[in-house]
Structure formats: structure tokens, C-alpha cells
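Below is one structure, written out as C-alpha cells; comments come after it.
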Amino acid sequence: MPAQIFGINSVTILSIIIALTTGFVIMTVWGAMVTRNPMKGRLKSLNERKDNLKAGLVTNNKRQSTLKKVDKVGTMRKVADKFKLIQSEQTKKIAVSLSQAGFRGKDAIVVYQFVRLIMPAVGGIVAIIVFYGLGVMAESAFRPLAGISIVLLFYKLPEIYIANTKSKRTDALRIALPDALDLMVICAEAGLTLDATMARVAKELIKASPELADEYTLTSIELSFMPERRQALMNLAERVDLPALGAVITTLVQSERYGTPLAAALRVLSAEFRNERMMQAEEKAARLPAILTVPLILFILPTLFVVLLGPATCKVADNFVK
């Protein structure tokens, strides 16, 4: 008879898991097929950031006593404060990583730490259901080791997710940066200021690169309201872990400080980044023959030998039989 856990048949539990997995796959495919506005929801958060900056300048940093907002993650914050999850030395590094991955909300660090706290417990529950409820590896001596591995995997899942999200976002920013620099050169030659240039470029890049448009829009807002324009540019360099963008920020800071021509410097940087992207493409193309060697030997050559030598082999075998 199938094993039972908490009075529920193991087959029923497995069916529920399969149903939930199928629903998740369907929702994922549906989300990928539906075309959405990439900036929907982001403009609202950016406008809120703009209002916060403006309020901070007007009230001389007394916003906390005059503006009270409802805490949407109050329970998570209470748990995080109880276990002192947001008071460690690594909190600042985690906040920077979340910002570079695109999670810049004030409660992002609270949600992340809370998820990291409960994920090992979720992994333990999954291990109990799999190994003791469904009877997987019932006679194996490695069952405790496998259970510990599942718990460690669930503990690392939030960190892995943030790292992958950050990597994908950085790659998208790297690809869109040369085009953004060309647009900035056009805007600078037209006589626009730096904040107006970034706002215009962000508007043009909404469809092509929503990540870079998001960063440019936020930087434009900070340039308009922050007392030190250099700090707004340094915030952009901190939010994006991209050396190429760091060079652009250095150029912009020097242009703001010394009054050097912005269009000429941006044109040189754009040409350098395009050459670098072309060199990376050529490097990948040069590695392609070596990468294709193993599939060629394992899959293509045996089939080719069968097609070419098969008829001759059959004819020789028939002659020997006769």
C-alpha cells in the first residue's frame, strides 16, 4: 500500500505537487507570451522616488516626522528585527547586490532576509515529504546526506536567484550601452543638459532596453533634485556593476566638474565600446570550432560513416555469405 503522511495518501500528495508544478509552468509560459509594457509599474516607483527626494529637500530631511507610510511587510520586518537579520555587517553588501539586480525597494532587504530565513525550513519539509512520505531512497544509507543537501540547496536558492538576475541585467545593460551613448551624443550636440539628455535617452530606450531606461530615468530624477549632481552619477555607478558604465560615469563627472566637451568624450567612448563588443563576438566565433568538436565526433561522424560505409559493408557481407 502507498505510504501515508498526516493521513494523506502519498499518491495524492504527489498528484498535488504535479498539479502545482503544471500550473506554475502554464503561468510562466503565459507570462512569456503576453506582451507587456516594460516600464509599467516602474514609472510609478520612480515618481515616488522623485516625490521623496523633493520632500526631503523641502522639509530639510524631516520627512520621517511628517510623512508616514503604511508598512506593507510589517510581519516580515518584525521577524527580521527579532532575529536581527538587517543589523549585520553584510546587510549593506546584500542591499547593493539587490540594487544591482533591480530590487531597489525600501523593503527589498527585509523580504530577502526573511526568505533566506524560512527557505531551510521549506527545504526540510520537502525532504521529509520526499524521503519519508513518498519513500524515495527508502533503503539507502545516504538518505540523511541527501536531506541535508536539499536543505542547503534551499538555503542557497535566494542567493542563486539574485546572482542570476544580476548577471542577466548586467548583460542587458552592456548590450544597450553603445546605442545609449550614441543617443546621448546626439542630445548633447543638440544643446540639452545632462539630466534632460538622460531623460530623453530613457524615453527612447523604453522598448529596446527597459533596464537601461530605468536607470537613466532614476538618474535624471536624482540630477534634478539632489543638491550634488556628482552624487547622483555615483549612485548610478553603484547600482550597476558594469566597468564600461563606470568609465561613462567618470567622463560625465569630469565634464560636470571641468566643463569639458561632453559630446566628443561620449563619441570616443561609444566607439571603444562598439569595438569591444565586436572583439567579444569575434572571440566567441573563434571558440566555436573547438566547441563543436565533441558534438561532431559523437553525433555527426558516426551517422556519416553509417551512410557512406553502410552499403559497401552490406555488399561485402553478402559476397562472403555467397
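The values are calculated or read from the model by the stated rules, or taken from the named source; none is laboratory data. It should be emphasised that the depicted structure is a prediction, and the values quoted were computed from it without experimental measurement. Reconstructed Cβ throughout: ideal geometry from the backbone, glycine too, with neighbour counts over all protein chains shown.
Six or more apart or on different chains, Cβ under 7 Å: which pairs go from a residue in the stretch 239-255 that's assigned to a helix (DSSP H, G or I) to one that's among the hydroxyl-bearing types (S, T, Y)? Could you list them?
Between residues of the stretch 239-255 that are assigned to a helix (DSSP H, G or I) and residues that are among the hydroxyl-bearing types (S, T, Y), the close pairs are R239/S99; Q254/T260.
Name the pairs whose Cβ atoms lie under 9 Å apart, with the first residue in the stretch 274-285 and at pLDDT below 85, the second in a helix (DSSP H, G or I) and among the small types (G, A, S), and 6 or more positions between them or separate chains?
The qualifying pairs are E276/A244.
So which of L212, L233, L223, L192 is surrounded by 18 or more Cβ atoms within 10 Å (Cβ to Cβ) and closer than 14 Å to L266 by Cβ? Let's see the steps before the verdict.
Values: L212 fails: closer than 14 Å to L266 by Cβ; L223 fails: closer than 14 Å to L266 by Cβ; L192 fails: surrounded by 18 or more Cβ atoms within 10 Å (Cβ to Cβ).
L233 is the lone residue from the list that is surrounded by 18 or more Cβ atoms within 10 Å (Cβ to Cβ) and closer than 14 Å to L266 by Cβ.
Name the pairs: first residue in the stretch 159-180 and in contact (Cβ under 8 Å) with a residue 40 or more places away in the chain and surrounded by fewer than 17 Cβ atoms within 10 Å (Cβ to Cβ), second residue in a helix (DSSP H, G or I) and not hydroxyl-bearing (S, T, Y), Cβ to Cβ under 6 Å, at least 6 apart or on different chains?
Qualifying pairs under 6 Å: A172/E211.
Could you tell me whether F305 is surrounded by 11 or more Cβ atoms within 10 Å (Cβ to Cβ) and over 22 Å from P178 (Cα atoms)?
Numbers: surrounded by 11 or more Cβ atoms within 10 Å (Cβ to Cβ): yes; over 22 Å from P178 (Cα atoms): yes.
When the stated conditions are applied, F305 passes them.
Looking at the stretch 192-203, is at least one residue among the aliphatic types (A, V, I, L, M), in a helix (DSSP H, G or I) and either on the phi > 0 side of the Ramachandran plot or in contact with a Lys or Arg (Cβ under 9 Å, 6 or more places away or on another chain) (or both)? Even if it seems obvious, please write down each step before you answer.
We begin by selecting, within the stretch 192-203, every residue among the aliphatic types (A, V, I, L, M); these are 192, 194, 196, 198-199, 201-202.
From what's left, in a helix (DSSP H, G or I): 194, 196, 198-199, 201-202.
Those left that are additionally either on the phi > 0 side of the Ramachandran plot or in contact with a Lys or Arg (Cβ under 9 Å, 6 or more places away or on another chain) (or both): 194.
Yes, the stretch 192-203 contains a residue that is among the aliphatic types (A, V, I, L, M), in a helix (DSSP H, G or I) and either on the phi > 0 side of the Ramachandran plot or in contact with a Lys or Arg (Cβ under 9 Å, 6 or more places away or on another chain) (or both).
Is it the case, given these coordinates, that A290 is part of a helix (DSSP H, G or I) and surrounded by 10 or more Cβ atoms within 10 Å (Cβ to Cβ)? If you could, list the steps in order and put the result at the bottom.
Working: part of a helix (DSSP H, G or I): yes; surrounded by 10 or more Cβ atoms within 10 Å (Cβ to Cβ): no.
No: the conditions fail for A290.
Give the residues of the stretch 145-158 that are in contact with a Gly (Cβ under 9 Å, 6 or more places away or on another chain) and touching a residue at least 24 places away in the same chain (Cβ under 8 Å), sorted by residue number.
Scanning the stretch 145-158 gives I150, V151, L152, L153, F154, Y155, L157.
Name the single residue, out of those in the stretch 139-158 being surrounded by 12 or more Cβ atoms within 10 Å (Cβ to Cβ) and small (G, A, S), that is nearest to I128 (Cα to Cα).
Only one residue fits best here, namely G147.
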